[in-house]
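The values are calculated or read from the model by the stated rules, or taken from the named source; none is laboratory data. Remember, it's a predicted structure, so these values are computed and weren't measured experimentally. All Cβ positions, glycine included, derive from the backbone under ideal geometry; neighbour counts span all protein chains shown.
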Amino acid sequence: MLRYTRGAPSYAALMDDAFGRAGAKLLNAFIAFNGFGTLTVYLNIIGDVMSGAATGGVEAHSGVLQEWFGSHWWTSREVVLVAAAAILLPLVLRKRVDSLRFTSAISILLAVVFMLISLGIALYALFKGTATMPRMLPDFSRLSSPFELFTAVPVIVVAFTFHFNVHPIRAELSKTSDMKTAVRISLVLCAAIYAAVGFFGYLLFGDATMADVLANFDRSSGAGVPQALNDAARLSYALHLVLVFPLLLFSLRVNVDELLFPGRRPLAADTRRFVSLTVVLMAVLYALAIAIPSIWTLFEYSGSTFAVTISLIFPGAIVLRDVHGIAKRKDKALAATMIVLAVVTSSIAIASNIMSSISDKVRGGDVSSR
């Protein structure tokens, strides 16, 4: 994307150069939908950590507040998310992305802290002999179809979908050439943290690992470590999400504004529009988090549609379009391959998700009829 940028201040402007206004608007819409999905997941994880998580409608893991103070109206998911929105408000009302640089740095530190705590708990479990050794290959006996393996693809894609923040951050760097190095470091760091947390999480919880692994760090975790350490793991990552949330909302707000108010003066220059749009977006995200408490559902469908298109299909299409005539044959072949793989894997993942949902409903109906 950086290579094909010729003065474009944003990802949408880059799409405009390649495909005109229609391409830019399509990207705006996809980024908006992806942003709604991802930020709803963030709020859900915060709710899981503080108020507990349910499986199949039954409370499976308690939240930090419930463990500390018991079940009250003010420890409910709805109230906790209202409190989270109030805490987030001063951060999401920042007009410049560089004003979030310190909170972003702290969020990275908190992610590393969570990884180190998970490592410590996993080593303790290994020493006690309660750890579950990871399998080298999937357990196909637990799958209704081998195609279910493709449902992991959307989650991975969502984890690495950051393309819409590249141009705004690049524009505010003192040396724009540093952006390539920043992207490489971010990719390596994120991949290392994701892999480590996934590995340590499976060591601790095995097949009982939930879609939101943080929910496993409650009193029923079975790791045998002090509960304070489990709470520290959950709270550190929940706070990490709180500090990352404003950065993603920044992109969501800009793209929604470009969709709804094209041709208007910059959003940062119109305080009334800026504040009103921010409040409306936060209200919509709150409603979505209450209505869709399952993060796996959001990951499955948002990741296999909007995130895949933003991170793989649109960049590949820009290379194939090559309006500046700088793409080599190898570049176009790689771009075409990337698009084909993205379409095929996403289609399989969507079909598998739909079939799995239908199968679960049928199974649930059979059980209730008995």
request  = Would you point out the residue of segment 1-26, among those that are among the small types (G, A, S) and outside any helix (DSSP H, G or I), that is surrounded by the fewest Cβ atoms within 10 Å (Cβ to Cβ)?
outcome  = G7
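Quick one: would you say T75 is crowded, with 17+ Cβ neighbours inside 10 Å, free of Cβ contacts under 8 Å to residues at least 60 places away in the same chain and not aromatic (F, W, Y)?
It is true that T75 is crowded, with 17+ Cβ neighbours inside 10 Å, free of Cβ contacts under 8 Å to residues at least 60 places away in the same chain and not aromatic (F, W, Y).
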key: Answer residue from segment 147-187, given it is hydroxyl-bearing (S, T, Y) and modelled with pLDDT of 80 or more and is farthest from the chain's Cα centre (by Cα) among those   = T181
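Under the condition of being part of a helix (DSSP H, G or I) and of a type in the set (S, T, Y), which residue from segment 148-205 is nearest to S107 (Cα to Cα)? Give the steps one after another, and end with the answer.
Applying the first criterion (part of a helix (DSSP H, G or I)) to segment 148-205 yields 148-159, 163-171, 178-205.
Checking the rest, the ones that are also of a type in the set (S, T, Y) come to 151, 181, 186, 194, 202.
Values: T151: 28, T181: 20, S186: 13, Y194: 14, Y202: 24 Å.
The residue in question is S186.
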inquiry  = Any residue that is at pLDDT below 85, over 20 Å from T161 (Cβ atoms) and part of a helix (DSSP H, G or I) - is there at least one of those in segment 83-97?
reply    = no
key: Residue check, S141 loosely packed, with under 14 Cβ neighbours inside 10 Å, at pLDDT below 80 and in a helix (DSSP H, G or I)   = yes
query = Among the residues of segment 301-342 satisfying the criterion of being in a loop (DSSP other than H, G, I, E, B) and of a type in the set (V, I, T), which is modelled with the highest pLDDT?
reply = I326
request  = Could you tell me whether segment 346-358 includes any residue that is assigned to a helix (DSSP H, G or I), at pLDDT 85 or above, at negative phi and in contact with an Asp or Glu (Cβ under 7 Å, 6 or more places away or on another chain)?
outcome  = no
key: Qualifying position, being surrounded by 15 or more Cβ atoms within 10 Å (Cβ to Cβ), over 30 Å from S118 (Cα atoms), modelled with pLDDT of 85 or more and basic (K, R), among R234, R273   = R273
ask   = Does segment 224-281 hold any residues that are free of Cβ contacts under 8 Å to residues at least 40 places away in the same chain and of a type in the set (D, E), and which are they?
value = D257, D270
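Going residue by residue through segment 167-174, is there one that turns out to be over 28 Å from I350 (Cβ atoms) and free of Cβ contacts under 8 Å to residues at least 24 places away in the same chain?
Taking segment 167-174 first, the residues over 28 Å from I350 (Cβ atoms) are 167-174.
Within this subset, residues satisfying the condition of being free of Cβ contacts under 8 Å to residues at least 24 places away in the same chain are 173-174.
Yes, segment 167-174 has at least one match.
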